[in-house]
Protein chains: 2
Amino acid sequence: MEWHTDDDGTTMASTASILDGNSFKAEDADGLDPRTRALTERRRVLGSAYRLFYRHPVELVRGRGAHAWDAEGNEYLDLYNNVPSVGHAHPRVVEAVARQMSELNTHTRYLHPAVLDYADDLLSTMPDEIDRVMFVCTGSEANDLALRVGREFTGGSAWIATSEAYHGNTALVSAHSPSLRNGEEMDPTLRIVDPPDTYRLGSETADGAGSWWLTRVAEAIAEIESSGDGFAGLILDSSFSSDGIFLGEPGMIRAALDLVHAHGGVVIADEVQPGFGRTGEAFWGFDRHGFVPDLVTTGKPMGNGFPIAAMAARREVLDAFATRRPYFNTFGGNPVAVSAAQAVLDVLRDEGLQARALSVGAQLRDALRDLGHAHPAIGDVRGSGQYTGLEIVADRETKEPGTGIALDLLEELRDRRVLTSVCGPNNSVLKLRPPLAFEAGDIPRLVEALDGSLTALGV
Amino acid sequence: MEWHTDDDGTTMASTASILDGNSFKAEDADGLDPRTRALTERRRVLGSAYRLFYRHPVELVRGRGAHAWDAEGNEYLDLYNNVPSVGHAHPRVVEAVARQMSELNTHTRYLHPAVLDYADDLLSTMPDEIDRVMFVCTGSEANDLALRVGREFTGGSAWIATSEAYHGNTALVSAHSPSLRNGEEMDPTLRIVDPPDTYRLGSETADGAGSWWLTRVAEAIAEIESSGDGFAGLILDSSFSSDGIFLGEPGMIRAALDLVHAHGGVVIADEVQPGFGRTGEAFWGFDRHGFVPDLVTTGKPMGNGFPIAAMAARREVLDAFATRRPYFNTFGGNPVAVSAAQAVLDVLRDEGLQARALSVGAQLRDALRDLGHAHPAIGDVRGSGQYTGLEIVADRETKEPGTGIALDLLEELRDRRVLTSVCGPNNSVLKLRPPLAFEAGDIPRLVEALDGSLTALGV
């Protein structure tokens, strides 16, 4: 990493893994219009940790469905934001929040039926074994709690996580988020496994990539067992989002998850990315793989951006913690947050967004594969439902990651008013993860923008 | 602790420090009306960690100002809830949230002026030295971050906290919250100091209770320095809320905080309780004591219950962390959260709530002291602004804590439709911490309810 100090004495990262991928850097400021430049300069009040997307940052002021508008009235197609899961500013969510806020917003130490109605409704989407749910405010809080619950139940301390996983920002969760490992100490008992890179393994099946991954997980378990650290389990985003998006065929990773159970570990399914119908094939990412985890964590897509999150659990796994440890999150599950979350569940069902994700996503990937015939930089198109990874390569034969192309492509797309970003260990995978309001009718515009951008880059 | 298992196999705490003080217990269910009983039974879906206030729980459905209504339409006077800081369901906060939610709710990786306008406004309420602010979603996230920032800056790991302090629910913050120490392992480097109990020390001054506390802090620093753990600093709620509410005279604890600085430690001012004008005498608790901390953390009162929180910082203290560590809380500071927080600041100013807190609080304590002439169980009335501790004693001479009386008193007050709770190491201090909308006109009703309750208890 390198650092420099700006005019008012603030040290700023200039090139660093903190500013990996899609990031504005201080040296980008010169070419900006005065308003954008002034806003970027005012952000020093937030300190040096904040990251801003794009060399030419975007100022968004309004959103509807999968569309957003900047301060000058330009309209963008949003292929990036999963937090407004049922669409930017969905009127039913807005109305539910406004209505409940004008009544009462208080904590769970008073009785309120809304939190219980929602708890029952949420659990009805999960396997019967998962019969308890605790509410918190963020995915980070949910994973922080889940790691402690899993440790209490197993008596072990050592977790397995994937090599680019990001599970949240608390001290404990950061130490179990290998994507942060260049700047943050990992928990000394954490074991890191590579994801099943379906593109380079050339397989999306349980027998192929799944079997390869089973071996990696088995090795990690064996290492933990021989170390004496005590095996706690596996924390996993089953869409392998920050690892590069490897949905694979349904069932691909089931054997590895079964192995965790066979060795007495618990599985935390971090559903911030694949949950709430995004993959089309199932309501939950774990369900796609035919597996029942012990702990399920969710984040802000649950409330379309209203800060509500949850940890659902098998009763017997939760009990070891919940009956012994003092844990208070009085505001998790307050009536306003729960109203937002209930509206999201209702909209998902009423608008048939899971089924639509399945068909729109398939059409999108077909269109992108067609585009690949004209552009050799498109190495792979993969995904499920409204979650698509478009891997950019420097060379199709060697599958060498096309990091530089991908980062330039982001800027070209931004200039064509399509919002997305990159993921994967080399920042070479375009993350196409729109609000579920993204429609088949939006596909041609995306394809045109990609075609124009790749052509402009000569790739 | 003792445990029992209820009908469906859930283990429930029966008598335990987790259920300290004001808590519904399973054995209280028999006497409840059918609806209340059904709701308490449905709560098993939330697992065993959730706590419910009162032997006879309250189902709140509506709130306005410092008043709330239950499902049967009964009106309650709210002396407990600081989270709806400017009043339950304040229309300006509701309107601000609804308006911004209907426009856009996205993260800080796009530009938006609202977060910068609010950052500037918030910092304008603090001393000039504190010139950076990071936004998160909860007070727990703010303290989790602050502990790490302080460690990075000092290179030390050992903090000091007070003996009943509660700073939040993440793994790291729980381990620095001595109020949880019966169920949760404390960080092995944490040093715990008793609070300046102004009642038992018989002093509220810098020379008296402040000097006593200075000695306690000095002893803790000396112990850390001789241990080689490395001194990180002190994390403090300057109102000593869960310790029993010891505001003391302005300046009382300044010498101890200066000593932390003199030994190279940082001070984290956890302002969830005393901040945003509650004490009347200053906008921030630390300011009351004439001290400038290094890190200032806030919680949900900042957004009147909308989940927004912040960590403000001296630039040089933050920089050590923010330039080296990857920290993402993209949703902290989103435009909706910031709109809620801006509305709260605006209402605080426009309605003159800090000045009113000063006068209403003083009138309240005068009235409570008068009531003490008739009820020997009132041992002490203390506080500042809209934060009052009413300590119940079994014996005024010996100042023996009146825990049993205090817990019975809560139920009597609840039946007279006054909501409050208890704090302090013996759960003997009534925590009178209403929304700042509490008015002088509400005082006679509170006094009458207290008089009737204490008379009914014969104390």
Obtain the nm distance between the two label points defined at A:A355 and A:D415 by a simple spin-label model: each point lies 7 Å from its Cα along the Cα-to-C-beta direction.
4.3
Restricting the count to DSSP beta bridges whose residues both fall in chain A, what percent are antiparallel, rounded to a multiple of 5?
70
I'd like the FRET efficiency for A:D30 and A:V447, computed as 1/(1 + (r/R0)^6) with the beta carbon distance as r and R0 of 41 Å, rounded to 0.05.
0.80
Report the residues of the range B:416-459 in range of a label on B:D366: point 7 Å along Cα→C-beta, backbone N strictly under 15 Å from it.
B:440-444
What is the range A:349-404 by shape, rounded, prolate or oblate, if you read a ≥ b ≥ c off the alpha carbon gyration tensor as root eigenvalues and call it rounded for a/c under 1.5, prolate for a/b larger than b/c, and oblate otherwise?
prolate
Between B:R396 and A:E41, what FRET efficiency comes out of the Förster formula 1/(1 + (r/R0)^6) with R0 = 51 Å and r the beta carbon distance, rounded to 0.05?
0.25
Given Cβ point charges of +1 (Lys, Arg) and -1 (Asp, Glu) and nothing else, what value in debye, to the nearest 20, does the dipole of chain B about its Cα centre take?
820
Specify which residue in the list B:S124, B:A355, A:N427 is farthest towards the positive end of the charge dipole of the protein assembly as shown, using unit charges on the beta carbon of Lys, Arg (+1) and Asp, Glu (-1), about the Cα centre.
B:A355
Put in order of increasing Cβ neighbours within 10 Å, starting from the fewest, B:M252, A:M134 give B:M252, A:M134
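If you place +1 on the Cβ of every Lys and Arg and -1 on the Cβ of every Asp and Glu, how big does the dipole about the Cα centre of the range A:256-334 come out, in debye to the nearest 20?
On the way: 7 positive and 8 negative charges, 55 e Å.
With only Lys, Arg, Asp and Glu charged at Cβ, the dipole is about 260 debye.
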Yeah, the range A:323-384 with a ≥ b ≥ c from its alpha-carbon gyration tensor (a/c under 1.5 is rounded, else prolate when a/b outruns b/c, oblate otherwise) is prolate
Just to be sure I understand: of the beta bridges DSSP finds with both ends in the range A:91-350, what percent are antiparallel, rounded to 5?
45
In terms of the charge dipole of the range B:91-350, which places +1 on Lys and Arg and -1 on Asp and Glu at the beta carbon, the residue among B:H107, B:T215, B:A262 farthest towards the positive end is B:H107
Across A:110-123, the residue-averaged tally of Cβ atoms belonging to other chains within 10 Å stands at 5
Ascending list, in nanometres, of distances separating the A:R99 label from those of the other copies (7 Å, Cα toward Cβ)
2.3
10 Å-binned pair-distance histogram of the protein assembly as shown (Cα, whole percent)
2, 12, 22, 26, 20, 11, 5, 1, 0, 0
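Rounded to the nearest 5, what % of DSSP beta bridges with both residues in the protein assembly as shown are antiparallel?
Looking only at bridges with both residues in the protein assembly as shown, the antiparallel portion is about 70 percent.
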One checks the Cα atoms of the range A:114-201 and finds Rg and Dmax, in Å, of 15.6, 47
What is the average number of partner chain Cβ atoms found within 10 Å of a Cβ in B:315-321?
4
With +1 on each Lys and Arg Cβ and -1 on each Asp and Glu Cβ, and nothing else charged, work out how big the dipole of the protein assembly as shown is about its Cα centre, in Debye to the nearest 20.
900
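Hey, with R₀ at 25 Å, roughly what FRET efficiency would B:D128 and B:L259 work out to, going by the Cβ-Cβ distance, to 0.05?
On the way: r = 23 Å, r/R0 = 0.92.
That pair, B:D128 with B:L259, gives E of 0.65.
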Pseudo-label separations to other copies for B:P34 - Cα-to-Cβ vector, 7 Å, nm
7.2
Taking all pairs of different Cα atoms in the range B:91-350, averaging 1/r and flipping that mean, what Kirkwood radius in angstroms comes out?
18.6
In the range B:91-350, with Lys and Arg counted as +1 and Asp and Glu as -1 at Cβ, which of these residues, B:F331, B:G251, B:C137, has the Cα nearest the positive end of the dipole, that is, farthest along it?
B:F331
Of all the C-alpha pairs in the range B:111-161, what % are more than 14 Å from each other?
65
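Computed from the coordinates by the stated procedures, all read-outs in this text should not be read as laboratory data. None of these values were measured; they are calculated from a predicted model. Counting neighbours? That spans all protein chains shown, and the Cβs are built from the backbone with ideal geometry, glycine included.
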